[in-house]
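The values are calculated or read from the model by the stated rules, or taken from the named source; none is laboratory data. Quantities reported herein were computed from a predicted structural model and do not represent experimental measurements. Please note: Cβ atoms are built from the backbone with ideal geometry, for glycine as well, and neighbour counts cover all protein chains shown. For accessibility, only protein heavy atoms count, side chains too; no ligands or nucleic acids. Shrake-Rupley method; radii C 1.70, N 1.55, O 1.52, S 1.80 Å.
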Amino acid sequence: MRKVVIIINGNGGVGKDTLCDLAAEAFKVTNISSITPIKDIAAEYGWKGEKDARSRKFLADLKKVFTEYNDLPTRYLVEEYRKFLDSESQILFVHIREGEEIDKFKSKVETPCATLLVCRSHMEHARWGNEADDNVAGYAYDFQYDNDKPLPEAGPDFVRFLQELIEAVWK
């Protein structure tokens with residue numbers, strides 16, 4: 001079975017998780033994020049799951065502290081990647097915001113891997129007030145998907161896009 005790792009990124013609200021869910025209708029998918037262990041810690045101490053600018057900055061700052069202290073986000077991703085290798089999943093979507101963290105994780109991946117920026121034209125200039133979210137477009141991605149189609153069209157279109165991406169990274 002061909003496996004591929006897709007490091008997916010994009011501004012908040014562009015539909016990354018929705019696209020991953022749509023992909024799961026056609027492929028066996030695992031969806032993980034470098035922010036997950038940080039959210040778990042934050043929730044333990046009062047964060048209620050908000051996605052506003054203040055909360056996004058809090059999570060980004062907390063992630064930066066843990067990255068510098070013990071590299072928790074990357075250690076978590078590598079552990080989940082190893083589980084993916086032993087699973088039936090075909091695609092591992094890995095959500096990572098920061099370019100240097102993308103490169104660090106890519107260096108630990110042995111299967112075909114690609115980076116993907118998801119865009120939405122009306123969200124291009126959204127600012128969240130933190131480095132992680134506001135510098136998303138500053139990385140040189142392998143692929144870009146413009147998520148501007150209505151939801152009924154987005155699923156089939158994204159699946160076609162993924163099929164082409166997978167073929168390209170396996171060449």
**Complete:** About its Cα centre, the chain carries a charge dipole, from +1 on Lys and Arg Cβ atoms and -1 on Asp and Glu Cβ atoms, whose size in debye to the nearest 20 is 160 debye
**Prompt:** Which percent of the accessible area of the chain is formed by carbon and sulfur heavy atoms (probe 1.4 angstrom)?
**Reply:** 50 percent
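At a Förster distance of 30 Å, what's the computed FRET efficiency of Ser121 paired with Asp52, Cβ-Cβ distance as r, to 0.05? Mind showing how you got there, number by number?
Numbers: r = 23 Å, r/R0 = 0.76.
The computed FRET efficiency comes out at 0.85.
So how do 20-31, 89-100 stack up, highest first, on mean other-Cβ count within 10 Å? Write out the running numbers ahead of the final one.
Working: 20-31: 17.0, 89-100: 20.8.
Going by the mean number of other Cβ atoms within 10 Å, highest first, we get 89-100, 20-31.
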**Complete:** In the neighbourhood of Ser87 defined by beta carbon distances under 12 Å, the net charge of the other residues (Lys, Arg +1; Asp, Glu -1) is +1
**Prompt:** What are the semi-axes of the equivalent ellipsoid for the range 29-112, taken as the square roots of 5 times the Cα gyration tensor eigenvalues, largest first, in whole Å?
**Reply:** 24, 14, 11
**Request:** Run through every distinct alpha carbon pair of the chain and return the Kirkwood hydrodynamic radius in angstroms, one decimal place.
**Result:** 16.5 Å
**Request:** Would you mind checking the pairs Lys3/Lys83; Lys63/Lys106; Lys39/Lys64; Lys64/Lys106; Lys39/Lys149 and listing those with alpha carbons more than 22 angstrom apart?
**Result:** Lys39/Lys149
**Request:** Report the one residue of Val65, Ile91, Asn11 whose Cα lies farthest in the direction of the positive end of the charge dipole of the chain (charges on C-beta: Lys and Arg +1, Asp and Glu -1; origin at the Cα centre).
**Result:** Val65
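Starting from the Cα gyration tensor of the range 1-50, take the square roots of the eigenvalues, sort them a ≥ b ≥ c, and report rounded, prolate or oblate (rounded when a/c is under 1.5, otherwise prolate if a/b is larger than b/c, else oblate).
On the way: a/c = 2.54, a/b = 1.90, b/c = 1.34.
Prolate, since a/c reaches 1.5 and a/b exceeds b/c.
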**Reach of Lys171 by Cα under 19 Å, taken over aspartates and glutamates that are not fewer than 8 positions away in the same chain** = Glu110, Asp142
**Item:** Accessible area expressed per residue, the chain, with surrounding protein chains retained (probe 1.4 Å, Å²)
**Value:** 54 Å²
